[in-house]
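The structure under discussion appears below in the form of structure tokens.
The values are calculated or read from the model by the stated rules, or taken from the named source; none is laboratory data. The structure displayed is predicted, hence computed values, not measured ones. Glycine also receives a Cβ, built like all others from the backbone with ideal geometry; neighbour counts cover every protein chain displayed. To get the accessible areas, we keep the full protein, side chains included, count just its heavy atoms, and leave off ligands, DNA and RNA. Shrake-Rupley method; radii C 1.70, N 1.55, O 1.52, S 1.80 Å.
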Amino acid sequence: MALVESLAAVNGSIASVGYGLAAIGPGIGVGLIFGNGVQAMARQPEAANLIRSNMFIGFALTEALALIGIVMPFVYGVK
């Protein structure tokens, strides 16, 4: 019975825990995008403008996943 009561007490912060877990993927993705982008620019400085533009497009798409993750608890959590 204590488990049920403790789960009922945590009910309000489940969305926060879910978003925290959902932010791990985009966080890793952003790190990979910028890390590999800087490495590519160091290897081919003449292609830096193309690499930078592709890097920012990838960043925007990856960051959109984090924004979707922050909105979904509000969409499905409202009763």
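Go through the range 24-39 and report how many residues are small (Gly, Ala, Ser) and touching a Leu at 6+ places or on another chain (Cβ under 9 Å).
First pass over the range 24-39, keeping only residues small (Gly, Ala, Ser): 25, 27, 29, 31, 35, 37.
When the remaining residues are screened for being touching a Leu at 6+ places or on another chain (Cβ under 9 Å), the result is 25, 29.
Residues flagged as small (Gly, Ala, Ser) and touching a Leu at 6+ places or on another chain (Cβ under 9 Å) within the range 24-39 amount to 2.
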- Query: Which residue out of Ile51, Ile57, Ile33 is open to solvent by 70 Å² or more (accessible area, probe 1.4 Å) and aliphatic (A, V, I, L, M)?
  - Reply: Ile57
- Message: Checking Ala15 against (1) under 22 Å from the mean Cα position of the chain (by Cα); (2) modelled with pLDDT under 75; (3) open to solvent by 70 Å² or more (accessible area, probe 1.4 Å); (4) of a type in the set (A, V, I, L, M), only one condition comes out false. Which one?
- Response: (3)
- Task: Sort out which residues of the range 60-79 are hydroxyl-bearing (Ser, Thr, Tyr) and open to solvent by 70 Å² or more (accessible area, probe 1.4 Å), and write them in order of number.
- Result: Tyr76
